[in-house]
Amino acid sequence: MSKLRLLFEKDGPARYISHLDLMRTFQRLFLRGGMFIKHSKGFHPHPVMSIVLPLPVGQSSCCELLDFETEQELDCAVLPALLNEGCPEGLRVLEAYEAARPVRELAYVAAEAVLDYDGGVPGGAGARLTELFARPVLIVQKKTKHKDLADVDIIPLIREISFEERADEIAARLVVSAQNPGLNPILIGAAIEKELPAYRPDFISVRRTALLDAAGGVFR
Amino acid sequence: MDKRLERILPRVQKPARYVGGEYRQVVKDKAEVDVRFAFCFPDTYEIGMSNLGVRILYGMMNEMPGVWCERVFAPWPDMEEEMRRADIPLYALESGDAVGAFDMIGFSLGYEMAFTNVLNMLDLAHIPLHAAERTELTPIVLAGGTACYNPEPLADFIDLFSLGDGEDVTAELIALYRKGKAEGWSKGQFLRAAAELDGVYVPSLYDVTYHDDGTVAAITPRDGVRPTVTKRIVQDMDRAYFPVKTIVPSTEIVNDRVTLELFRGCIRGCRFCQAGYVYRPVRNRSKDLLVRYGIESLQDSGYQEMTLSSLSTSDYPPLNDLCDGLMDYCEEKKIHLSLPSLRADNFSMELQQRLARGRKVGLTFAPEAGSQRLRDVINKNLTEDDLLQSCRIAFEGGWNAVKLYFMLGLPTETDEDIVDIAKIAAHVVHTWREYAQDKRRGVTVTVSTSWFVPKPHTAFQWEAQITKEEYERRVQLLRDSIRTKSVSYKWHDSDTSFLEAVLSRGDRRLGRVLETAWRKGAKMDAWQDYYRLETWQDAFSACGLDPAFYANRVRTKDEVLPWSVISSGVSTAFLWRERERAYQGVTTPDCRGQCSGCGANRLVEGGKCDV
């Protein structure tokens, strides 16, 4: 019996699968592939698996991780292809390997946020946004687990941020804190809306590009 | 994905419902498709994807070369609002293409409360509501499903109705459409030809006239079309399409499991039950085939739960053997088998216990009426002894919760019958006291009552629904009669059952009422959050019609019923005979015991039912 980790991609329509639904989807993926993963003991056994860092609904990612344990020996080399046969559109397993590194070593998330401006990017936006996120304190409202709003200073949670102006959009590249507490990159939109309403984008789409450890190396 | 759609999705609840892409959805190359079918379910994704009929027809149509069937569901009002604001027309999940661009638009209609959603979906698709306003061959708007056994309230909006099992007739309709499209037929030509197909009702080819009192004077076929349309059936369930490889939603739906259809029809003949009559005759699927379908479906889907589905699962002759055949696989893979629609008899209970294996899900029995007299009236051949015996086995086996379903307002019901409901519940509690193994956790007996809705094509199609005031009085009487703390009582909200009674036996004039109510905001009427009786009352007054005329009036034997143009294969003479026997309190044996000559056997090749 071994602890395994899957590296997978979540994009297209699969972006809208919520965390709980994604867990259910993976349970079925294993069964479709004829694999039986380890179940908890007790009266209502459920499969033992966990998604290392749940991705907010609507965001895409090429670096999701899922940990699970198996009852039988599985060949990691063939596992991705086997699972991908049963995947919904947009979900793709890239790699399977032994889960060597503990999840607590995951420290940062790299992401790209694309800010759409339907009427063209307002002049000087890149510079203004760079200034905004260079402030010592930047308070935004964030939904808590209890569904109410709390004020959070996001500056300590942002390790790196840069902006690149394009035709009708600005691409923001961020490295943010992953956990305890983490930052949802989409919250930069809330900060812009609050502090620089004239630079409010019409839409923000977020793609997670890498999971990093404390030293900035890839966590996998 | 459409950029506009991408922008609204973060603001709506459960966006996974609106994007498609699920495992086993069918995507075809448009260049190789000449008939595009938008399969519309007039309720939410979670409800529609739980419907086996949708899965059967979806799979069957997509196996036809050149045909691409896609799914369309009613958006929840938050999504609808966003779609209207962003000017996104109703679209199909697989391609994302607007429904207006499809060749055929088919609605699955299982219940009357979804009628306004049909109008709303046509409107969202930018398709003219009235059949008469759609003058071209494309798109053809059709509907099928149990609610179409009285299609008249929707006659103004739907081009044609398909009655009965859809497998064969859908294929025939598609073939006919393809021919018409290739030969440049007009819509009129197509509909006239479609009316020649068995099981197809084209409402525009029938004129309805009314007496001064509002009852139907005559339904006159035009242009030589047949006077009565008889439903279609699948002759051989072993050769019928079964969706082994079917879509597995990526988000949780209501019926989130494999559904294995054991048989169609029902041998019982409960006189209130529309399904029991309109799905006749009984046609079983063979046990070995079911075992194979069941295991293959579980393997393909990855589901860990399977429902053995039918109108009365304990009436499937080889049920024990079927369960044996599935048990090894299910035990090994930790798959839970569930058997709804079991009768409250010993056999069922023993089976239930075997399957439960420690998992004690709730037990539900439906005696329907409190007294033996009234159960005989409705031909529910279940005695209180049967019920108590089943409860005893359950309690001995460790169950400690039982739900009991009843109807209030059944024909001939008296106050005594209602008080007897409370007595049955008390007897169940008593049985628990006597036989329960472990009394520490107590017992919960839940009594639920609904307001009886007389349905077309049943023995009670001529009956009046009791009024709202009377229903509420009977609810109060039952509340007062229940004295045991262990018994809790839930009653169905009265207003929806009233509208259901109106729509299910309505005539063509209700089309105007439907449209008026929808324009005043009625939609999602099956959902308590959205249903508003006042909207409907306003619509009725605006149209000068009285809903009580439809709900609370007794029909005479010689009245022309609006749905008499449709035949379920069961003869009206038989239904009337059943009504008379009901009033005499005489039961009718089930089809296995003795044939009662309902007429449905004439639908079967060879004229003999598979009982």
| note | Relative to chain B, whose Cα atoms define the longest principal axis, helix B:77-86 and its Cα axis are tilted in degrees, nearest 10, by 10 degrees
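In deg cm²/dmol and to the nearest 500, what is the mean residue ellipticity at 222 nm of chain A if only DSSP H runs of at least 4 residues count, each as -39500 (n - 2.57), divided by the residue total? Please list the in-between numbers first.
On the way: 4 runs with 37 residues, N = 220.
So the calculated ellipticity at 222 nm is -5000 deg cm²/dmol.
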| task | In Å and from the alpha-carbon atoms only, list the Rg and Dmax of chain A. | result | 19.4, 62
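If I stretch the segment between residue B:414 and residue B:437 completely, what's the gain in nm (0.36 nm per residue apart, minus their alpha carbon distance), one decimal? Let's see the in-between values first.
Details: separation 23, 0.36 × 23 = 8.28 nm, distance 3.69 nm.
Working it through step by step, the gained length comes to 4.6 nm.
If you place +1 on the Cβ of every Lys and Arg and -1 on the Cβ of every Asp and Glu, how big does the dipole about the Cα centre of chain A come out, in debye to the nearest 20?
Working: 26 positive and 30 negative charges, 138 e Å.
It comes to approximately 660 debye.
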| request: For the B and A pair, go ahead and give the buried accessible area with a 1.4 Å probe, both sides summed, in Å² to 100. | output: 2200 Å²
| task | Taking the Cα centre of the protein assembly as shown as origin, sum charge times position over the Cβ atoms of Lys and Arg (+1) and Asp and Glu (-1), and report the length of that vector in debye to the nearest 20. | result | 1460 debye
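Considering Cα pairs under 8 angstrom that are at least six residues apart, work out the relative contact order of region A:143-220 and quote it in whole percent. Please list the in-between numbers first.
Values: 61 pairs, mean separation 12.6, N = 78.
Relative CO of region A:143-220 lands at 16 percent.
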| field | Size of region B:231-294 as Cα extents on the principal axes (Å, biggest first) | value | 40, 27, 21
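At R0 = 22 Å, how high is the FRET efficiency between residue B:186 and residue B:519 if r is their beta carbon distance? Nearest 0.05 is fine.
Numbers: r = 30 Å, r/R0 = 1.37.
FRET efficiency, residue B:186 to residue B:519: 0.15.
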| Computed [θ] at 222 nm, helices only, for chain B once each DSSP H run of length n ≥ 4 contributes -39500 (n - 2.57) | -10500 deg cm²/dmol
| note | Whole-percent tail of the Cα-Cα distance distribution for region A:96-217, cut at 25 Å, equals 27 percent
| request: Compute from the Cα atoms of the protein assembly as shown the Rg and the Dmax, the latter being the longest Cα-Cα distance, and quote both in angstrom. | output: 29.6, 89
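Can you give the direction-averaged projected area of the convex hull of the alpha-carbon atoms in chain B, in nm²? Intermediate results must be reported in sequence, preceding the final value.
Details: hull surface 109.7 nm².
The number I arrive at for chain B is 27.4 nm².
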| remark: Counting only residues 5 or more apart in sequence or on a different chain, those whose built amide H sits under 5 Å from that of residue B:338 are B:306, B:307, B:308
| query | If you plug each phi of region B:600-607 into the Karplus form 6.51 cos²θ - 1.76 cosθ + 1.60 with θ = phi - 60°, what whole-Hz ³J(HN,Hα) values come out, in order, with x for Gly and Pro? | reply | 5, 4, 5, 6, 8, 4, x, x
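Efficiency by 1/(1 + (r/R0)^6): what FRET value for residue B:546 and residue B:52, r their Cβ-Cβ distance, R0 = 30 Å, to the nearest 0.05?
Working: r = 38 Å, r/R0 = 1.26.
The computed FRET efficiency comes out at 0.20.
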| task | Determine which lysines satisfy two conditions relative to residue A:142: a Cα distance under 29 Å, and not lying fewer than 8 residues away in the same chain. | result | A:10, A:194, B:3, B:14
| task | Be a star and scan region B:489-515 for residues whose amide nitrogen sits under 20 Å from the point 7 Å along the Cα-to-Cβ vector of residue B:464. | result | B:494-507
| query | What FRET efficiency would be calculated for the residue pair residue B:2, residue B:586, taking the C-beta separation as r and a Förster radius of 60 Å, to the nearest 0.05? | reply | 0.45
| message | Quick check: the angle from helix B:494-504's long axis to the longest principal axis of chain B, C-alpha only, nearest 10 degrees? | response | 50 degrees
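Any idea what the dipole of region A:117-199 comes to, in debye rounded to 20, about its Cα centre with Lys/Arg Cβ at +1 and Asp/Glu Cβ at -1?
380 debye
If you take the alpha carbon radius of gyration of region B:3-226 and divide it by 2.2 N^0.38 Å, what ratio comes out, to two decimals?
Numbers: Rg = 17.6 Å, N = 224, 2.2 N^0.38 = 17.2 Å.
Its radius of gyration relative to the 2.2 N^0.38 Å reference: 1.03.
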| request: Measure off 7 Å from each Cα along the Cα-to-Cβ vector at residue A:128 and residue B:479, then give the distance between these two points in nanometres to one decimal. | output: 6.1 nm
| request: At 7 Å along the Cα-to-beta-carbon direction for both residue A:44 and residue B:534, put a label point, then send me their distance in nm to one decimal. | output: 4.1 nm
| request: Give the accessible surface of the protein assembly as shown per residue, rounded to a whole number of Å², with probe radius 1.4 Å and ligands, DNA and RNA excluded. | output: 41 Å²
| said: Pairs of alpha-carbon atoms within less than 8 angstrom and 6+ residues apart define the contacts here; what relative contact order does chain B have, in percent? | reply: 14 percent
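The values are calculated or read from the model by the stated rules, or taken from the named source; none is laboratory data. Since the structure is predicted, the reported quantities are computational estimates derived from the model, not experimental observations. Cβ coordinates were reconstructed from backbone atoms using ideal geometry, including for glycine residues, and neighbour counts include every protein chain displayed. Just so you know, the surface numbers come from the protein's heavy atoms only, side chains and all, with ligands and any DNA or RNA stripped out. Shrake-Rupley method; radii C 1.70, N 1.55, O 1.52, S 1.80 Å.
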